[in-house]
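Undergrad: Pasting in a structure now, in structure tokens, and then I'll have a few things to ask.
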Amino acid sequence: MKINHIIVHEVVKESKKKAALNDRKLENPIDDKSELLVSQLNGLFGSTGLITGSFKIPEDVNAPPPEFVTLLENHLKNKFADFVTFTKSATEIFIKEFDKSSSQTAGYLWFNQYTHHDQEFLSVVLLRKKKGLIFENDLSLEEVESLDVDKLHMAARINITKWQSGSSNKYISFRIGSNAKSVTDYFADFIGCEEYTKTKIDTRKLRDVIRDYCNHHNFDDYNSTEAMQYFVSECNRVLDAGEDEVFRLSDMSNKLDARYNIEESKKGYFLSTAQAEPYEVSEEIRPDKSEVSAMLRYKGSNDKVSISFDIKLYGTVAVYCPDNGSLTFNELPHELKAQLDLRARKNSEDDKS
């Protein structure tokens, strides 16, 4: 990764007053300390639950795009020749959205423009302070403040190359505080991002991610089937809970790892796979009911036969005998039964002749 530009501006918020900008006049130096912070923050983008999206397109063709998008387009024309001015203007847009919200906690807005695998990126991260303890020289405890880089409060990473080329409509990965989503939506509004969701496609992709997960951990057929059924049950739980409930990849990932006792060093494969190419599934989705129902089937095939039936029919309509590996159907589809009856009659007539 090649870091091209880094700068941070402070957003100051005093009680009962509007937020104010404390801007930095020059770009931050690209040194060991800034490279370490970039590495830590980029690592969080890969490990935490993210929502993928794209820039909002106004319904009215005559309406302007989001203010941040226009600003970004203008400064991309000269390849961020004045990164300080760009980021200062961007922070002023952030402050407008921040003041519309009920949030009282501001922080530092960190901008990082870099190149990775021949693709251009821009990251915008809201950093906050956290309190900690240190030992003084006399070994007494003292409270100190430091940057909270253990989690992303609010952040956006824009794949500029994908956006400009039009090769993907999921070129923004963004994170907003999960504990106060209604409050922190202002960050997504600041970037001008809207969540990109196609539930049918995303649900189908997650089915493939589950299969990848099972293969990666070398599950046998029994555990692979059980994992798929567990995934379906979690989807149905979300669907039954109503419109306000969502399926979170990070939750599913943690539950799977706990369920199958995945060792610490191998945890998180479901989440990282689901959010990486080629899947790129959003952290939060509403599962598609029809796609989920289609997963509730036992099915298998070889070069001689193909069998598929609803899981609910197991033990009643479809009876399996594990001793000899036979499967007996007590009810057949009308069309299939008609074909078999016809064949049986022909065989009977041939026997008589």
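Undergrad: Being in a helix (DSSP H, G or I), within 18 Å of Ala155 (Cβ to Cβ), touching a Phe, Trp or Tyr at 6+ places or on another chain (Cβ under 7 Å) and outside the structural domain of Gln275 (by TED's automatic domain parsing) narrows it down to one of Phe45, Phe68, so name that one.
TA: Phe68
Undergrad: For the range 3-29, enumerate the residues that are among the charged types (D, E, K, R) and in a strand (DSSP E or B).
TA: Passing the criteria: only Glu10.
Undergrad: Against the conditions (1) more than 19 Å from Arg175 (Cβ to Cβ); (2) of a type outside the set (Phe, Trp, Tyr); (3) surrounded by 15 or more Cβ atoms within 10 Å (Cβ to Cβ); (4) free of Cβ contacts under 8 Å to residues at least 60 places away in the same chain, where does Asn254 fall short? Just the number, please.
TA: (1)
Undergrad: Would the range 29-43 turn up any residue that is closer than 21 Å to Thr91 by Cβ and at pLDDT 90 or above?
TA: yes
Undergrad: Follow-up question, since we're still on this one. Residues that are buried (at least 19 other Cβ atoms within 10 Å of the Cβ), in contact with a Leu (Cβ under 8 Å, 6 or more places away or on another chain) and assigned to a helix (DSSP H, G or I): does the range 109-120 have at least one?
TA: no
Undergrad: Quick one: what pairs do we get from the range 275-302, first residue assigned by TED's automatic domain parsing to the domain that holds Val232 and over 12 Å from Phe247 (Cα atoms), second among the acidic types (Asp, Glu) and in a loop (DSSP other than H, G, I, E, B), C-beta under 8 Å, 6+ apart or different chains?
TA: Gln275/Glu283
Undergrad: Just give me the residues in the range 196-245 being acidic (Asp, Glu), within 12 Å of Leu256 (Cα to Cα) and touching a residue at least 24 places away in the same chain (Cβ under 8 Å), in sequence order.
TA: Selection gives nothing.
Undergrad: When Ser308 is evaluated against the numbered criteria (1) in contact with a Lys or Arg (Cβ under 7 Å, 6 or more places away or on another chain); (2) surrounded by 15 or more Cβ atoms within 10 Å (Cβ to Cβ), which criterion, by number, is the only one it fails?
TA: (2)
Undergrad: Quick one: which of Glu280, Glu263, Glu226, Glu245 is surrounded by fewer than 19 Cβ atoms within 10 Å (Cβ to Cβ) and touching a strand residue (DSSP E or B) at 6+ places or on another chain (Cβ under 7 Å)?
TA: Step by step, each of Glu280, Glu263, Glu226, Glu245 is checked, and only Glu280 is surrounded by fewer than 19 Cβ atoms within 10 Å (Cβ to Cβ) and touching a strand residue (DSSP E or B) at 6+ places or on another chain (Cβ under 7 Å).
Undergrad: Which of the following residues is surrounded by 13 or more Cβ atoms within 10 Å (Cβ to Cβ), over 26 Å from the mean Cα position of the chain (by Cα) and of a type in the set (Ser, Thr, Tyr): Ser34, Ser54, Ser15?
TA: Testing whether each residue is surrounded by 13 or more Cβ atoms within 10 Å (Cβ to Cβ), over 26 Å from the mean Cα position of the chain (by Cα) and of a type in the set (Ser, Thr, Tyr) leaves just Ser34.
Undergrad: Could you list, ordered by first residue, the pairs with Cβ atoms under 8 Å in which the first is in the range 123-146 and under 30 Å from Phe83 (Cβ atoms) and the second is of a type in the set (Ser, Thr, Tyr) and assigned to a strand (DSSP E or B), at least 6 apart or interchain?
TA: Between residues of the range 123-146 that are under 30 Å from Phe83 (Cβ atoms) and residues that are of a type in the set (Ser, Thr, Tyr) and assigned to a strand (DSSP E or B), the close pairs are Ser123/Tyr114; Leu126/Tyr108; Leu127/Tyr108; Arg128/Tyr108; Lys129/Ser146; Lys130/Ser146.
Undergrad: Restricting attention to the range 321-344, which residues are surrounded by fewer than 12 Cβ atoms within 10 Å (Cβ to Cβ) and outside any helix (DSSP H, G or I)?
TA: Passing the criteria: Cys321, Pro322, Asp323, Asn324, Gly325, Ser326, Thr328, Asn330, Glu331, Pro333.
Undergrad: Among (1) in contact with a Phe, Trp or Tyr (Cβ under 7 Å, 6 or more places away or on another chain); (2) at pLDDT 80 or above; (3) of a type in the set (A, V, I, L, M, F, W, C), there is one condition Met228 misses while meeting the rest; what is its number?
TA: Every condition holds for Met228 apart from (1).
Undergrad: I've got another one for you. Given the structure, is Leu71 surrounded by 14 or more Cβ atoms within 10 Å (Cβ to Cβ), free of Cβ contacts under 8 Å to residues at least 60 places away in the same chain and within 21 Å of Lys162 (Cβ to Cβ)?
TA: Yes; evaluated as a whole, the condition is true for this residue.
Undergrad: For residues that are of a type outside the set (S, T, N, Q) and closer than 22 Å to Ala276 by Cβ, tally how many sit in the range 240-257.
TA: 9
Undergrad: Looking at (1) under 19 Å from the mean Cα position of the chain (by Cα); (2) within 25 Å of Tyr314 (Cα to Cα), find the lone condition where Lys255 falls short.
TA: The failed condition is (2).
Undergrad: Can I ask one more? Filter the range 283-297 down to the residues that are farther than 20 Å from Tyr314 by Cα and in contact with a strand residue (DSSP E or B) (Cβ under 8 Å, 6 or more places away or on another chain) and list them by number.
TA: Those that are farther than 20 Å from Tyr314 by Cα and in contact with a strand residue (DSSP E or B) (Cβ under 8 Å, 6 or more places away or on another chain): Glu283, Glu284, Ile285, Arg286, Pro287.
The values are calculated or read from the model by the stated rules, or taken from the named source; none is laboratory data. Owing to the predicted nature of the structure, the values given are computational and were not obtained by experimental measurement. Here the Cβ is made from the backbone with ideal geometry for all residues, glycine too, and neighbour counts use every protein chain on show.
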